[in-house]
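Asker: Have a look at this one before I ask anything.
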Amino acid sequence: MKTLLDLISIEMREAFRSAGYDEELAKVTLSNRPDLCEYQCNGAMAGAKKYKKAPFMIAEEVVAGLKDSACFESAEVVKPGFINLKLAPEYVARYLNDMAKEEKLGVEEEENPRTVIIDYGGPNVAKPLHVGHLRSAIIGESVKRIMRYKGNKVIGDIHLGDWGYQMGLIITELKKRRPDLPYFDESFEGEYPKEAPFTISELEEIYPTASAYAKEHEDYREEALHATYLLQNGYRGYRAIWNHIMNVSVTDLKKNYEKLNVEFDLWKGEADAQQYIRDMVERLKSEGYARYDEGALVVDVQEETDNKEVPPCMILKSDGAALYDTTDLATLVEREQDYHPDEVIYVVDKRQELHFIQVFRCAKKTGIVRPETELKFLGFGTMNGKDGKPFKTREGGVMRLENLIREIDEEMYKKIIDNRTVEEEDAKKTAETVGLAAIKYGDLSNQASKDYIFDVDRFTSFEGNTGPYILYTIVRIKSILNKYTENGGSLENICITPAADAYEKSLMLQVLKFNDVINTVYSETAPHKICAYIYELANEFNKFYHETKILSEEDEEKKAGYIALLVLAKRVLETCIDLLGFEAPERM
Ligand code: ARG
């Protein structure tokens with residue numbers, strides 16, 4: 001379905017053309033003075049020079065041609081030559097009714113769907129999830145849903161950090177504590193136990209203990225590095241421990257991500273890419289892309305137009321070990337082989353930007369990906385505390401994700417209990433639903449690349465630009481619709497009728513922007529624009545609600561028209577929050 005802006009533009013182009021002017025002038029935009037008009041066209045101003053004519057005269061001629069248009073209620077020329085447009089209420093109602101008939105509310109799917117891989121989440125196995133991983137999960141999930149809504153084939157990959165030094169540390173600490181385990185017996189040839197020798201809470205204690213110890217004890221550190229080396233070279237016993245670490249951690253991670261309403265299609269990680277490294281390195285060498293620099297194997301990625309130094313991509317360290325660059329390149333080899341993606345989007349902390357510039361350049365230059373494959377870095381800013389410094393616990397430690405969520409849920413629970421609209425036993429579940437919206441909306445309403453302040457009080461407020469406010473609005477609509485059906489009204493076969501007043505019309509104009517907004521959000525990969533849109537939509541709805549007697553309206557057709565508009569507004573809001581990755585409760 002064409003967006004309303006497209007439809008008005010067609011109308012205006014026709015008017016310019018038949019008045020004898022270039023139709024390129026007919027650009028229509030949303031009005032920046034909603035008190036005066038709804039849309040505006042400044043084309044006559046732009047045309048004045050070309051046609052050596054007063055803009056006012058051009059505008060008058062164009063407007064004369066709009067007299068019979070069904071689109072506009074009024075088209076007015078304002079000095080020196082602006083054209084102010086107001087849509088005809090019948091036209092708006094018809095558009096909304098058409099929109100309501102569409103499964104995707106007028107959003108058109110991509111004609112040529114693309115295969116897109118989204119690399120997000122990126123937790124490090126055996127280390128607890130912390131708030132730094134929160135943003136990647138929240139933003140990545142939303143981007144995934146938006147791309148999918150537009151009809152693309154989208155694959156979300158968690159890309160676990162599961163191959164590094166932290167694994168060597170855990171193995172070393174385990175060996176210190178339980179040297180008797182068969183994994184450490186070199187002569188052991190039997191089958192290793194199925195059961196892991198630790199639980200998730202033990203694992204989460206083992207890692208920081210080992211990490212701290214290694215910082216103080218050089219020989220222990222050496223041992224951990226060696227264990228990492230043995231693991232990476234396929235040593236059987238360590239590989240078995242690695243499997244245990246993975247099983248235990250992944251089970252725990254799945255639980256955590258489920259709570260966040262974040263779902264990955266692939267649970268691959270750095271370890272999966274290892275098998276592609278050898279061939280890749282050989283090719284980079286034999287085809288002359290790689291060179292040795294002080295023993296390390298590197299690929300130059302500096303370009304002439306750079307005004308800053310971009311260091312070479314590091315393929316192998318002088319001891320032959322693979323690095324972060326290597327893993328990401330090998331992962332692209334794997335992705336190309338398995339999925340042949342048209343685009344790969346990385347949702348990662350913006351401080352890693354240089355790494356991705358190097359990897360992308362190297363992948364393009366060496367043909368790891370096709371020239372037309374789009375590699376995109378979606379770098380996000382830091383989540384700060386109220387003091388403007390990276391978010392910490394009250395004691396100054398790294399805040400664990402679980403605790404942060406608990407804190408928000410407790411705050412929400414208090415508010416929901418105070419409201420007394422939810423039964424005691426449902427309050428906990430409702431608090432979780434609203435709490436998640438508070439966190440996600442608080443994050444997504446900011447442009448991803450910017451730092452933002454995580455403010456529990458503000459995010460959990462039912463008023464202002466917050467998740468709970470949006471949910472509150474949806475709940476309010478649901479309750480009106482419920483009352484309507486309880487009193488015998490039907491939600492089937494009702495039709496939106498032309499706006500009766502300015503409040504209703506404003507609400508309508510906001511609802512019908514949906515497809516336009518989604519197209520922009522999609523092309524700019526900008527979920528924050530969904531937030532801005534639904535905040536305005538919620539405001540328009542609430543103004544309408546306060547000014548209008550909806551359920552007590554006596555004219556049944558008019559009442560049904562209001563209800564039909566509410567049904568559509570609710571669908572738009574619910575679709576939007578689904579794209580953001582959260583949902584609304586029945587009551588709150
Ligand atoms: N595990 C990494 C970290 O915690 C993030 C991984 C990002 N994705 C990637 N393909 N490098 O910093």
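The values are calculated or read from the model by the stated rules, or taken from the named source; none is laboratory data. In this text, all values refer to a predicted model and were calculated from it rather than measured experimentally. Counting neighbours? That spans all protein chains shown, and the Cβs are built from the backbone with ideal geometry, glycine included.
Asker: Quick check: is even one residue across the range 117-133 part of a helix (DSSP H, G or I), within 16 Å of the ligand (Cβ to nearest atom) and in contact with a Gly (Cβ under 9 Å, 6 or more places away or on another chain)?
Answerer: Yes, some residue in the range 117-133 is part of a helix (DSSP H, G or I), within 16 Å of the ligand (Cβ to nearest atom) and in contact with a Gly (Cβ under 9 Å, 6 or more places away or on another chain).
Asker: Look at the range 226-247 and say how many of its residues are modelled with pLDDT under 95 and of a type in the set (A, V, I, L, M).
Answerer: Here the count works out to 2.
Asker: Quick one: would you say L87 is of a type outside the set (K, R) and surrounded by fewer than 18 Cβ atoms within 10 Å (Cβ to Cβ)?
Answerer: Criteria not met by L87.
Asker: Could you give every pair whose Cβ atoms fall below 6 Å, whose first residue belongs to the range 263-290 and is over 23 Å from L231 (Cα atoms), and whose second residue is in a helix (DSSP H, G or I), counting only separations of at least 6 or pairs across chains?
Answerer: The qualifying pairs are A290/L284.
Asker: On the given criteria, is G489 among the small types (G, A, S), surrounded by 15 or more Cβ atoms within 10 Å (Cβ to Cβ), at negative phi and in contact with a Gly (Cβ under 9 Å, 6 or more places away or on another chain)?
Answerer: no
Asker: Let me ask something else. Quick check on K67: is it without any contact (Cβ under 8 Å) to a residue 40 or more places away in the chain, farther than 30 Å from A564 by Cβ and of a type in the set (K, R)?
Answerer: yes
Asker: Which of the residues that make up the range 357-374 are hydrophobic (A, V, I, L, M, F, W, C), surrounded by 20 or more Cβ atoms within 10 Å (Cβ to Cβ) and touching a residue at least 24 places away in the same chain (Cβ under 8 Å)?
Answerer: Listed by number, the residues that qualify are V359, C362, A363, I368, V369.
Asker: Cβ contacts < 6 Å: first residue within 13 Å of Y207 (Cα to Cα), restricted to the range 116-137; second residue of a type in the set (D, E, K, R) and near the ligand (Cβ under 10 Å from one of its atoms), any location; separation 6+ or different chain. Result?
Answerer: From the range 116-137, the pairs are V125/D162.
Asker: Looking at this structure, is F377 part of a helix (DSSP H, G or I), aromatic (F, W, Y), within 16 Å of the ligand (Cβ to nearest atom) and on the phi < 0 side of the Ramachandran plot?
Answerer: Here the answer is no, as F377 does not meet what is asked.
Asker: Which one of these is part of a helix (DSSP H, G or I), surrounded by fewer than 22 Cβ atoms within 10 Å (Cβ to Cβ), more than 14 Å from the ligand (Cβ to nearest atom) and of a type in the set (D, E, K, R): E202, E189?
Answerer: Result of the check over E202, E189: E202.
Asker: Consider A26 carefully, then state whether it is under 36 Å from the mean Cα position of the chain (by Cα), modelled with pLDDT under 95 and of a type in the set (A, V, I, L, M).
Answerer: Here the answer is yes, as A26 does meet what is asked.
Asker: Looking only at the range 273-321, which residues are of a type in the set (K, R) and under 26 Å from N233 (Cβ atoms)?
Answerer: The answer is R278, R283, K285, R291, K317.
Asker: Hey, could you check the range 311-352 for residues that are part of a strand (DSSP E or B) and more than 11 Å from the ligand (Cβ to nearest atom) and say which is nearest to F377 (Cα to Cα)?
Answerer: E343
Asker: Going residue by residue through the range 193-206, is there one that turns out to be touching a residue at least 60 places away in the same chain (Cβ under 8 Å), of a type in the set (S, T, Y) and farther than 21 Å from D319 by Cβ?
Answerer: No: the range 193-206 contains no residue that is touching a residue at least 60 places away in the same chain (Cβ under 8 Å), of a type in the set (S, T, Y) and farther than 21 Å from D319 by Cβ.
For (1) of a type outside the set (D, E); (2) within 30 Å of V299 (Cβ to Cβ), each residue gets a yes or a no:
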position: F356; (1), (2): yes, yes
position: G388; (1), (2): yes, no
position: E395; (1), (2): no, no
position: L401; (1), (2): yes, no
position: D409; (1), (2): no, no
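So that you can scan it fast, the table gives a plain yes or no per residue for (1) farther than 18 Å from K478 by Cα; (2) among the basic types (K, R):
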| site | (1), (2) |
| --- | --- |
| K513 | yes, yes |
| N519 | yes, no |
| Y522 | yes, no |
| K529 | yes, yes |
| K549 | no, yes |
| K559 | no, yes |
| I563 | no, no |
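Asker: Ok, one more. Does the range 149-157 include one or more residues that are within 10 Å of the ligand (Cβ to nearest atom), in contact (Cβ under 8 Å) with a residue 24 or more places away in the chain, within 25 Å of A214 (Cβ to Cβ) and within 17 Å of the chain's Cα centre (by Cα)?
Answerer: No, the range 149-157 contains no residue that is within 10 Å of the ligand (Cβ to nearest atom), in contact (Cβ under 8 Å) with a residue 24 or more places away in the chain, within 25 Å of A214 (Cβ to Cβ) and within 17 Å of the chain's Cα centre (by Cα).
Asker: Related question: I'd like to verify a number: residues in the range 137-183 that are aliphatic (A, V, I, L, M), surrounded by fewer than 22 Cβ atoms within 10 Å (Cβ to Cβ) and in a loop (DSSP other than H, G, I, E, B), how many?
Answerer: Count: 1.
Asker: Residues in the range 90-107: is at least one farther than 28 Å from R571 by Cα, touching a residue at least 12 places away in the same chain (Cβ under 8 Å), out of contact with any Leu (no Cβ under 8 Å at 6 or more places or on another chain) and buried (at least 17 other Cβ atoms within 10 Å of the Cβ)?
Answerer: No, there is no match, as no residue in the range 90-107 is farther than 28 Å from R571 by Cα, touching a residue at least 12 places away in the same chain (Cβ under 8 Å), out of contact with any Leu (no Cβ under 8 Å at 6 or more places or on another chain) and buried (at least 17 other Cβ atoms within 10 Å of the Cβ).
Asker: If I filter the range 376-396 for residues that are basic (K, R) and under 19 Å from the mean Cα position of the chain (by Cα), do I get at least one hit?
Answerer: Yes, because at least one residue in the range 376-396 is basic (K, R) and under 19 Å from the mean Cα position of the chain (by Cα).
Asker: Within the range 407-450, restricting attention to residues that are touching a residue at least 60 places away in the same chain (Cβ under 8 Å) and outside any helix (DSSP H, G or I), which residue is surrounded by the most Cβ atoms within 10 Å (Cβ to Cβ)?
Answerer: My answer is A448.
Asker: Residues that are under 20 Å from the mean Cα position of the chain (by Cα) and touching a residue at least 40 places away in the same chain (Cβ under 8 Å): does the range 471-481 have at least one?
Answerer: There is at least one residue in the range 471-481 that is under 20 Å from the mean Cα position of the chain (by Cα) and touching a residue at least 40 places away in the same chain (Cβ under 8 Å).
Asker: Of the residues that make up the range 7-21, is at least one within 36 Å of the chain's Cα centre (by Cα), of a type in the set (S, T, N, Q), part of a helix (DSSP H, G or I) and surrounded by fewer than 21 Cβ atoms within 10 Å (Cβ to Cβ)?
Answerer: Yes; the residues of the range 7-21 include at least one that is within 36 Å of the chain's Cα centre (by Cα), of a type in the set (S, T, N, Q), part of a helix (DSSP H, G or I) and surrounded by fewer than 21 Cβ atoms within 10 Å (Cβ to Cβ).
Asker: Right, next: All but one of (1) free of Cβ contacts under 8 Å to residues at least 12 places away in the same chain; (2) within 15 Å of the ligand (Cβ to nearest atom); (3) under 30 Å from V456 (Cα atoms) hold for D387; which doesn't?
Answerer: Just one mismatch for D387, condition (2).
Asker: Being at pLDDT below 95, of a type in the set (D, E) and at negative phi is true for just one of D119, D68, D98. Which residue is that?
Answerer: On inspection, the qualifying residue turns out to be D68.
Asker: Still on this structure, please answer the following. Out of all the residues in the range 309-325, is one or more exposed (fewer than 13 other Cβ atoms within 10 Å of the Cβ), touching a residue at least 12 places away in the same chain (Cβ under 8 Å) and under 29 Å from A526 (Cβ atoms)?
Answerer: no
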